[in-house]
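**Q** Take a look at this one; I'll ask things after.
The values are calculated or read from the model by the stated rules, or taken from the named source; none is laboratory data. The model shown is predicted, which means the values in this text are computed figures rather than measured ones. Note that we place each Cβ from the backbone using ideal geometry, even for glycine, and neighbour counts take in every protein chain shown.
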Amino acid sequence: MGKNKLTFLILIALITGVIIGYVYNAVVIKPYNGNIENAQVLIKALDGKLVTIKDTNQTEYKNLKSQRATQVKIRKDNDSIREDKLEGFTILSDIFLRLIKMIVAPLVFTTLVVGVAKVGNISTVGRIGGKTMLWFISATLISLLLGMVLVNLYEPGKALHIPLPDNHLGIDIKKSAISLRDFVSHVVPKSFIEAMANNEILQIVVFSIFFGIATSAVGEQGAIVIKALDAIAHIIMKITGYVMQLAPLAVFGAITAIIAKQGLGILSTYAVFISEFYSGLFILWCIIITAGYFVLKNRVFTLVNNIKDAMLIAFSTSTSEAAYPRVLIELERFGCKDKIVSFVLPLGYSFNLDGSMMYMTFASLFIAQAYNVHLSLQQQLTMLLILMLTSKGVAGVPRASLVVIAGTIATFNIPEAGLALLIGIDPLLDMGRSATNVLGNAMATAVVSKWEGEID
């Protein structure tokens, strides 16, 4: 399928998905959304009454608990029915994403081993790795700082005109651990097979670097393995071409499901927050492209044009991993040598999620503003550094950022219930930050290729 044709089909799928999603929401999903909202209002009212009753043995307390349980069941039942009604659309994107996940782990392993083996020795790998991490750390700091500056400038939390979730209520989001032990266990694999099975990109990268260096060091026998893995990588790339033909269907299914579930009404409720966040992403795009321009000159615009399909796929499916195989292909077409691409790009998916970084500070401070929790500049900078550490290795998949945020805001006594303000619109925000992650990783790979003189 030609590049322009694929882009055209993805855009058509996007537009069609919005239209059909809107109609489906109004005709099919709206009653269930209404029941869920009514149940949520009643649960909130009942929670308010329950807090005022000190004696939990009172008949009134037990009656209120019973009423609350009934409303929770109504909410759960309607949510389940709504998901069943959307299943036909979500299955389209699920098939595509599962196929992509099927490809990503073996693709990272084969291309990275071949790339490292071609690089040759540990000192060269260290030099390339050092340049790569320099770009990643700089981009991460800029993204986090931009989110912090913009949220203080815009103050979206203070402009919010919707009821806040009660501080004492919990949320159904697991916190991300921030201990050094957990970080190390996430980076260093205990089993290569387990890392492949779970698509743990960072662990696969660590094993692949060891494997590639060792393969290069054993000489003639290693050359046979490299040749075999190179052939396997080309086969997987061919499979990628087949899978990418399903991208328009996946885009249609994902967009239709999001619009059908949420409706367009949520856009008006959160219009200010969404527009301010996307204006921040636009500024971040300009910064990334400008930084790339200093190294790549006018070719930076060619690169952006080449990866537009990959960015559209990431935008529509809300996951940058879905675009990984396409980005790899386009970078090699752009002229980057495979040994650099296969080394830098997988690292980027763990260490260089620029859009997600900006969102983490933006969202965390937004919740603080909404609950009128004042954080000094020193506290905000501390939060920035914590997010920088805890976010490394976070998967480029939906809701991964919320997991990190949940673990961070508790450290600063910001109510975790505030995450409920973001859960409804998170899919819409995730689309933008996933596309930004793709742009940041592609730019980093091209820049490192240029620094190494490994670009045609």
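**Q** In the range 190-241, which residue that is basic (Lys, Arg) and part of a helix (DSSP H, G or I) is farthest from ILE100 (Cα to Cα)?
**A** Here the residue is LYS227.
**Q** Run down VAL394, VAL448 and say which single residue is at pLDDT 90 or above, buried (at least 19 other Cβ atoms within 10 Å of the Cβ) and aliphatic (A, V, I, L, M).
**A** VAL448
**Q** Looking at the range 63-99, which of its residues are closer than 18 Å to PRO427 by Cβ, at pLDDT 85 or above and aliphatic (A, V, I, L, M)?
**A** Matches in the range 63-99: LEU86, ILE91, LEU92.
**Q** Also, I was wondering about something else. Does LEU387 satisfy the condition of being farther than 26 Å from ILE239 by Cβ, touching a residue at least 40 places away in the same chain (Cβ under 8 Å) and not in a loop (DSSP other than H, G, I, E, B)?
**A** It is true that LEU387 is farther than 26 Å from ILE239 by Cβ, touching a residue at least 40 places away in the same chain (Cβ under 8 Å) and not in a loop (DSSP other than H, G, I, E, B).
**Q** What residue, of VAL438, VAL448, is out of contact with any Gly (no Cβ under 6 Å at 6 or more places or on another chain), of a type in the set (Val, Ile, Thr), over 17 Å from TYR359 (Cβ atoms) and in contact (Cβ under 8 Å) with a residue 12 or more places away in the chain?
**A** Among VAL438, VAL448, only VAL448 is out of contact with any Gly (no Cβ under 6 Å at 6 or more places or on another chain), of a type in the set (Val, Ile, Thr), over 17 Å from TYR359 (Cβ atoms) and in contact (Cβ under 8 Å) with a residue 12 or more places away in the chain.
Listed here are the residues, each with its yes/no results for (1) exposed (fewer than 14 other Cβ atoms within 10 Å of the Cβ); (2) of a type in the set (A, V, I, L, M); (3) touching a helix residue (DSSP H, G or I) at 6+ places or on another chain (Cβ under 7 Å).
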{"site": "ILE15", "(1), (2), (3)": "yes, yes, no"}
{"site": "GLY34", "(1), (2), (3)": "yes, no, no"}
{"site": "LEU42", "(1), (2), (3)": "no, yes, yes"}
{"site": "THR52", "(1), (2), (3)": "yes, no, no"}
{"site": "LEU64", "(1), (2), (3)": "no, yes, yes"}
{"site": "GLU83", "(1), (2), (3)": "yes, no, no"}
{"site": "ASP94", "(1), (2), (3)": "no, no, no"}
{"site": "ARG98", "(1), (2), (3)": "yes, no, no"}
{"site": "VAL104", "(1), (2), (3)": "no, yes, yes"}
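**Q** Name the pairs whose Cβ atoms lie under 7 Å apart, with the first residue in the range 183-207 and at positive phi, the second among the β-branched types (Val, Ile, Thr), and 6 or more positions between them or separate chains?
**A** Cβ pairs passing all conditions: ASN199/VAL104.
**Q** Could I ask something else about it? Tell me the residue from THR290, THR302, THR256 that is assigned to a helix (DSSP H, G or I) and free of Cβ contacts under 8 Å to residues at least 24 places away in the same chain, please.
**A** Answer to the check: THR290.
**Q** Looking for whichever is surrounded by 13 or more Cβ atoms within 10 Å (Cβ to Cβ), closer than 30 Å to LEU153 by Cα and at pLDDT 85 or above here; the options are ILE226, ILE239, ILE274, ILE204. Which one fits?
**A** Within the list ILE226, ILE239, ILE274, ILE204, the selection yields ILE274.
**Q** Output the number of residues of the range 138-157 satisfying the condition of being surrounded by fewer than 20 Cβ atoms within 10 Å (Cβ to Cβ) and farther than 14 Å from ASP354 by Cβ.
**A** 4
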